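A short reminder: the numbers here are calculations on the coordinates, not readings from a lab. This one's a predicted model, so the numbers in the text were calculated from it and none came from an experiment. Neighbour counts run over all protein chains shown; Cβ positions are idealised from the backbone, glycine included.
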């Protein structure tokens with residue numbers, strides 16, 4: 001067997017085991033009996049141990065050294081590129097540091113949940129200080145003798161991207177977003193949804209929406225969970241959704257969002273099954289799919305016109321006069337503190353705040369002791385009102401407690417990529433609005449599948465977007481033009 | 001760390017991984033999307049590879065060699081005994097033989113399903129010949145230079161038991177069973193269940209029965225599946241059940257049966273969690289729990305009196321006049337070909353037939369080519385009428401296609417053990433019938449938990465039963481006395 005074949009056999013098994021571990025996570029959120037938590041912890045730890053041992057297996061390094069990429073085709077070269085990246089990453093972090101990070105983040109996560117319930121940042125502060133210090137050590141190990149620490153962490157989520165590039169992009173977007181936000185909030189408020197919506201009927205509409213957006217239930221399933229998520233790759237990609245009696249949009253748009261993630265995985269070339277190319281290529285590109293499904297397609301005037309009729313057929317008259325009013329309701333811009341409840345316009349301001357603060361923390365320019373003040377100052381500057389309590393501010397997100405630094409910007413990168421893709425798609429599909437108005441998402445899905453999804457991890461994240469956009473490098477301009485057009489018109 | 005501690009740390013992780021692999025099996029039968037079969041096969045194979053590598057890890061042999069059992073308490077000695085048994089077993093079978101068995105049984109299983117659908121034993125015959133030949137080779141490897149081949153395979157299912165001992169026991173039981181069977185079939189037939197029974201209500205009764213029989217839903221869950229089964233150990237023990245519109249007993253007694261398996265696992269001492277002692281000790285002892293729950297308790301006159309009222313409350317008048325008639329309906333003995341549909345009396349005759357035939361096949365005394373004839377001859381001798389087609393005869397069970405030889409006798413061993421336990425339980429609980437008549441299974445469950453279940457794998461299977469029966473060695477006499485009393489009275 002050639003070194004390449006031996007490497008790929010090893011990697012395929014590792015990928016299969018990673019799918020098993022991922023499904024344990026799905027099970028924990030959907031099916032696990034409540035009393036099984038301790039045992040499940042042991043099971044997860046054992047799986048992590050197996051996966052880690054395979055990822056740092058010295059044979060991987062030997063196979064990589066024995067392979068001459070010139071002997072391989074483009075797919076083989078891409079496989080090797082991804083294996084090498086994962087191997088370098090796994091072998092650079094000392095095992096005791098990884099173990100300490102796992103321990104500390106588990107403790108920090110519990111401390112965060114308790115602190116959030118009490119609106120007490122001071123109680124969380126020492127835990128976050130330890131987590132940041134450990135992530136700095138990890139970044140030093142990953143950067144391996146040089147390079148930006150934030151960039152080192154970012155590579156886990158968005159390979160090839162740099163913090164400087166993101167900062168330049170975000171800094172360019174921010175004034176316009178703040179301005180647009182003011183315009184939207186100064187306008188007459190959108191009609192609010194009132195009344196209650198049967199939750200079984202919500203789930204029925206949700207399943208219909210999932211199928212409308214191309215989710216294949218032959219290789220997927222939908223369950224209820226506390227938080228919506230998508231889990232798994234290849235032939236077994238499961239999503240969850242949730243219902244709230246008075247807020248059917250939460251159910252519907254969560255489902256469409258997760259279907260964006262899930263169909264990306266389902267649509268990857270079968271030839272890449274259980275290989276490093278068989279997953280979505282980065283968090284940012286993944287988020288571009290969930291966002292374009294949810295926002296550019298799902299919250300468009302054309303598609304909401306169809307959804308309005310579906311909701312009327314399902315729930316009867318629910319107090320929204322017509323499809324134009326419904327479009328405004330779906331896209332309402334309201335005051336609020338919470339990122340996960342934000343509209344597609346304000347969402348990016350939430351992300352930019354977090355990106356700047358976590359970058360400063362990691363660089364040592366912002367002591368954790370000053371984080372809450374910095375958060376509140378920045379929020380007041382961008383949103384125009386003061387944070388009222390820590391659970392509505394610095395304690396609202398789980399990420400930092402879990403050591404996730406470098407992850408936040410991928411959400412807005414996803415929006416930026418979605419903007420690029422949507423511009424290119426519209427150029428190719430002049431009749432897009434007409435089909436969306438009939439609830440026909442098919443042409444858009446086919447375009448996304450062929451331009452991007454089918455290729456999985458074949459190209460780098462940046463090149464994946466550029467390939468889909470016929471060579472145009474990712475830029476924030478299309479997203480900003482889209483947001484300006486949409487929310488200026490809505491405010492008129 | 002001492003060799004014992006190092007060994008146990010390794011073994012605990014292996015047990016945790018085995019739980020994960022087992023839960024994949026559960027998922028496959030309950031939750032898996034239909035299109036995920038190929039990927040699931042890869043996932044299962046990868047997990048099996050990991051488990052096998054850990055089971056034959058040379059360090060296990062080194063730790064075992066370094067441990068002096070005299071340094072350990074009784075629990076430690078039992079742990080080492082179980083680890084040694086598993087290690088010897090795993091290391092004796094050459095990897096290529098194990099791989100060939102996995103391949104051939106997969107093919108044989110598919111061939112069996114096709115042959116059964118066509119009632120065509122000849123189509124299955126070459127596959128079974130290969131499987132038997134491979135199992136003979138495996139038995140030679142396991143017996144390691146001597147010893148009975150059947151005994152070597154039997155150790156996987158019922159450690160410490162021998163084929164000669166089982167044969168002597170079964171040969172002693174068989175004439176009485178044939179005689180009792182005649183008596184039962186000559187009597188006036190029991191009232192048949194007619195009408196239909198709402199399947200959601202069946203599930204509600206089934207859940208109530210599961211809880212009545214002590215199933216803890218904090219560490220378990222009930223789902224529907226094609227075949228009822230119990231899966232998992234420790235804090236995560238799941239069962240499945242099924243419904244048929246006209247046959248609620250199938251649902252109810254399948255549930256009680258699986259709850260017997262599941263509560264055995266749930267009730268094992270927490271100190272044994274994820275260790276070799278943290279599972280039911282053998283197939284036979286496991287089956288003794290499912291059978292005593294299902295039959296000696298669940299099909300008793302006293303308990304069926306309570307169940308009759310539950311069914312009347314749930315389904316209204318369902319055409320059975322009173323609790324005495326209901327008891328006869330529940331315990332009806334009818335003609336039939338199929339093992340899994342047999343009553344508790346005839347079931348054992350089905351097992352004895354299979355035990356004698358598979359033992360002869362393995363010994364080379366019965367060529368596979370003559371198996372169907374031998375089956376049909378034996379069936380006519382014991383049941384009094386001819387097999388009408390292969391799917392009602394030699395092709396009815398999946399076991400041999402999967403290479404399971406040595407497994408069948410554990411079903412009847414379970415009945416024998418259940419007979420022993422029930423005799424001892426009745427001696428300790430003089431008011432058992434009075435509580436069963438109130439639907440109170442608690443005293444019986446407490447007795448089983450304390451006498452047997454809590455101890456898990458601490459003692460050998462034989463000693464586990466003997467311990468629960470205050471030293472009395474397992475014997476078929478209590479079961480035969482129970483069956484004679486019950487079915488003679490029912491036939492009167």
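Could you tell me what percent of the DSSP beta bridges with both partners in the protein assembly as shown are antiparallel, to the nearest 5?
Details: 4 of 10 bridges.
Bridges in the protein assembly as shown are about 40 percent antiparallel.
Would you order A:156, A:68 from fewest to most other beta-carbon atoms within 10 Å of each residue's own beta-carbon?
Details: A:156 18, A:68 9.
By the 10 Å Cβ count, ascending, the order reads A:68, A:156.
Suppose only helical runs count, i.e. DSSP H with n ≥ 4. What mean residue ellipticity at 222 nm does that imply for chain A under -39500 (n - 2.57) per run, divided by all residues and rounded to the nearest 500 deg cm²/dmol?
-20500 deg cm²/dmol
In what sequence do B:385, B:4 fall when counting other Cβ within 10 Å, fewest first? Spell out each step's value before the answer.
On the way: B:385 9, B:4 20.
Listed from fewest to most nearby Cβ atoms, that is B:385, B:4.
Suppose a student asked you for the relative contact order of chain B, using Cα pairs under 8 Å spaced at least 6 residues apart; what percent would you report?
Values: 672 pairs, mean separation 99.7, N = 492.
The value is 20 percent.
Please rank B:334, B:238, A:328, fewest neighbouring Cβ atoms within 10 Å first, as an exposure proxy. Working shown, then result.
On the way: B:334 13, B:238 25, A:328 20.
Ordered from fewest to most neighbouring Cβ atoms within 10 Å, B:334, B:238, A:328 come out as B:334, A:328, B:238.
What residues of the stretch B:238-266 lie in the reach of a label at residue B:192, counting those whose backbone N is under 17 Å from a point 7 Å from the Cα along Cα→Cβ?
Only B:245-250 fall inside the zone, counting backbone N under 17 Å.
First check a/c for the stretch A:133-285, with a ≥ b ≥ c the square roots of the eigenvalues of its C-alpha gyration tensor; if it is under 1.5, answer rounded, and if not, answer prolate when a/b is larger than b/c or oblate otherwise.
Working: a/c = 2.45, a/b = 1.25, b/c = 1.97.
Oblate, since a/c reaches 1.5 and b/c is not below a/b.
Whole angstrom only: what separates the Cα centroid of the stretch A:78-151 from the Cα centroid of the stretch B:371-397?
About 66 Å separates the Cα centre of the stretch A:78-151 from the one of the stretch B:371-397.
Need one number: convex hull volume per residue for chain B, Cα atoms only, in Å³. Don't skip to the end; give the middle numbers.
Numbers: hull volume 74.3 nm³, N = 492.
Taking only Cα atoms, chain B has a hull volume of 151 Å³ per residue.
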